[in-house]
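Accompanying notes for the structure given below.
The values are calculated or read from the model by the stated rules, or taken from the named source; none is laboratory data. What you see is a predicted model, and the numbers here were worked out from it, not measured in a lab. Cβ atoms come from the backbone with ideal geometry, glycine included; neighbour counts cover every protein chain shown. To get the accessible areas, we keep the full protein, side chains included, count just its heavy atoms, and leave off ligands, DNA and RNA. Shrake-Rupley method; radii C 1.70, N 1.55, O 1.52, S 1.80 Å.
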Amino acid sequence: MERAEAYGFSGAMSGAFLLSCLLFAAVSRRQRGPYMDEVFHVPQAQAYCQGRFLQWDPMITTLPGLYLLSVGVVKPAAWLLGWTGSVVCSVGMLRFINLLFSAGNFYLLYLLLFKIHQKNKAVSGFQRILSALTLAMFPTLYFFTFLYYTDPGSVFFTLFSYLMCLYGNHKTSAFLGFCGFMFRQTNIVWTFFCAGNVVAEKLNEAWKIELQKKKDEKISSKKGSFSDLTRILQFLVEYLISPKNLVTLTALTWPYIILVSLFFVFVFINGGIVVGDRSSHEACLHFPQLFYFLSFTGFFSFPHLLTPTKIRKFLLSLRKHPVQYSLITVISLFLIWKFTYVHKYLLADNRHYTFYVWRKVFQRHELVKYLLVPFYVFAGWSFADTLKSKSIFWILMYFVCLLAVTVPQKLLEFRYFILPFLIYRLNIPFLSLYRQLLELAFYILVNAVTFYLFLNRTFQWKNSDEVQRFMW
């Protein structure tokens with residue numbers, strides 16, 4: 001990092017943290033008590049603060065990583081600063097943990113952008129700082145910086161694990177992956193993703209050697225035609241059934257293999273991936289979740305995905321491959337018809353934006369969910385097109401992880417899309433400075449509207465005196 005870039009990054013991070021502190025104060029003044037899921041998280045953390053580590057709220061579905069780390073931070077800080085009484089492990093103090101995670105996420109996002117795009121000399125330091133700032137302000141994640149939720153910490157340890165993986169520190173990466181798993185069990189998918197990065201790199205090297213041997217310039221590890229994909233899958237199978245290659249890959253990924261194995265032991269002993277209340281978190285094959293994720297990504301990445309050039313390229317591709325797109329459309333219609341699920345929380349809780357998305361869009365008419373398929377197809381094509389700079393093996397590995405982390409979820413919840421979105425966004429090429437500024441301005445606008453609604457547009461339910469607020 002050059003000196004000017006270092007000063008620029010320090011200034012951006014300090015300014016963002018100061019703004020977050022001011023917003024944190026506003027949220028804490030307006031919502032002093034626990035809200036939404038904080039009703040479960042805060043008392044559980046306070047029980048740990050008082051040394052009652054055997055006490056557990058059965059409504060909590062995640063492991064106690066957030067509460068253990070909170071005690072590990074708050075208790076020493078209280079001892080050093082001489083704090084006593086109710087201020088220790090108060091709602092505000094616990095929420096402040098996520099403000100620290102948010103600052104850490106900003107730094108990790110910058111380091112990841114620097115590492116992933118280090119070969120692209122055309123990217124300036126200012127662009128890296130701007131992109132890191134934009135992702136740190138990503139609305140769905142940034143909102144939960146100010147509440148005591150698991151998301152900021154879950155993202156922190158997952159991004160840290162990914163960074164260590166890219167630098168080849170796989171034992172450290174696996175340990176950080178374990179920390180992320182303790183915040184949210186589904187983060188085990190991103191441990192698999194880190195192992196997949198190692199495997200994809202070795203596969204890409206072997207594939208290039210295979211191409212040189214055959215001197216076949218028509219095949220590329222970055223092309224996407226059906227015939228190329230068939231030959232690549234054939235190569236993939238042949239490579240992975242070789243005992244020598246399996247030994248090599250095992251030697252490289254053994255820390256991740258151990259962690260994934262421990263995960264399966266946990267699932268066997270626990271009787272499932274969810275702890276606590278399982279009745280509302282049953283796994284199912286909810287394939288339309290992939291379409292919702294693509295729509296979510298299209299909305300928040302429109303400067304990348306929705307451009308005149310991309311629309312023209314899509315129409316050209318549509319005209320060139322009508323049979324393939326017709327098949328994709330038919331499969332999409334079938335998946336929506338047979339595998340659409342509506343969780344009871346989605347229909348019952350009018351505090352979440354998903355409630356209004358579902359009511360205003362999907363419940364307008366029975367056919368709406370099918371009429372959206374052309375948009376899903378375009379969003380999927382544009383999504384894949386922005387990843388064409390990555391190797392085909394990386395893309396296959398990412399899509400496997402994307403399916404694993406979204407499809408089993410019955411509830412449509414935007415928070416579940418945060419990590420797959422960030423991993424995607426980190427790996428796509430940089431845009432022009434104008435489009436980067438447009439993206440940042442859009443995120444700031446969405447955040448401004450979100451916090452305005454949360455702080456000022458309160459309402460009450462008929463059977464309750466509690467103040468209700470709109471949120472993600």
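Here r is the Cβ-Cβ distance between T307 and T172 and R0 is 51 Å; the resulting FRET efficiency, rounded to 0.05, is 0.85. For the stretch 355-427, what does the alpha-carbon gyration tensor say about shape, rounded, prolate or oblate, given a ≥ b ≥ c as the root eigenvalues, a/c under 1.5 as rounded, and a/b over b/c as prolate? Prolate shape, in that a/c is at least 1.5 and a/b is the bigger ratio. Dividing the helix sum by the residues of the chain, where each DSSP H run of 4 or more adds -39500 (n - 2.57), gives a mean residue ellipticity at 222 nm of -22500 deg cm²/dmol. Between the entries (i) 25.6, 81; (ii) 22.3, 67; (iii) 23.1, 74, the label attached to Rg and Dmax of the Cα atoms in Å calculated for this structure is (iii). With a cut-off of 15 Å between beta carbons, the residues surrounding V377 carry a summed charge of +4, where Lys and Arg count +1 and Asp and Glu -1.
With pairing defined as another cysteine C-beta under 4.7 Å, the cysteines of the chain that fail it are C21, C179, C284, C401.
Annotation: per residue accessible area for the stretch 1-122 equals 52 Å², rounded to a whole number [probe 1.4 Å, protein chains only]. Between the stretch 420-450 and the stretch 22-40, the C-alpha centres lie 26 angstrom from each other. In this structure, the pairs whose alpha-carbon distance is over 20 Å, taken from K313/K388; K208/K390; K121/K310; K171/K390, are K121/K310; K171/K390.
Taking a Cβ cut-off of under 12 Å around V467, the surrounding Lys, Arg, Asp and Glu residues balance to a net charge of +3, with basic ones at +1 and acidic ones at -1.
The convex hull around the C-alpha trace of the stretch 92-180, projected and averaged over every direction, spans 5.9 square nanometres.
Considering only protein heavy atoms and a probe of 1.4 Å, how much of the accessible area of the chain is carbon and sulfur, as a whole percent? Here carbon and sulfur together make up 67 percent of the probe-accessible area.
Net charge in the neighbourhood of T134 (other residues with Cβ under 14 Å of its Cβ; Lys, Arg +1, Asp, Glu -1) is +2. Does the stretch 283-431 come out rounded, prolate or oblate by the C-alpha gyration tensor, with a ≥ b ≥ c the root eigenvalues, rounded set by a/c under 1.5 and, if not, prolate when a/b is larger than b/c and oblate if not? Taking the square roots of the gyration eigenvalues as a ≥ b ≥ c, the stretch 283-431 is prolate.
Computed packing ranks the peptides 74-83, 409-418, 190-199 as 190-199, 409-418, 74-83, most packed first, by mean other Cβ atoms within 10 Å.
Listed values for the stretch 232-244 are Karplus-derived 3J(HN,Hα) couplings in whole Hz (6.51 cos²θ - 1.76 cosθ + 1.60, θ = phi - 60°), namely 5, 5, 4, 4, 4, 5, 4, 5, 7, 8, 6, x, 4, and x replaces Gly and Pro. For the stretch 296-308, the Karplus equation 6.51 cos²θ - 1.76 cosθ + 1.60, evaluated at θ = phi - 60°, returns couplings of 4, 5, x, 5, 8, 10, 4, x, 8, 9, 10, 10, x Hz by residue, with Gly and Pro reported as x. Across the stretch 357-364, rounded Karplus estimates of 3J(HN,Hα) from the backbone phi angles (6.51 cos²θ - 1.76 cosθ + 1.60, θ = phi - 60°) give 4, 5, 6, 7, 10, 6, 8, 5 Hz, Gly and Pro being marked x.
Taking the average, over residues, of other Cβ atoms within 10 Å as the packing measure, peptides 348-358, 250-260, 236-246, 132-142 rank 132-142, 250-260, 348-358, 236-246 from highest down.
In a fully extended conformation the segment linking R29 and F264 would gain 80.3 nm over its present Cα-Cα distance, using 0.36 nm per residue. Gyration tensor analysis over the Cα atoms of the stretch 1-103 returns equivalent ellipsoid semi-axes of 29, 16, 15 Å (largest first, whole Å).
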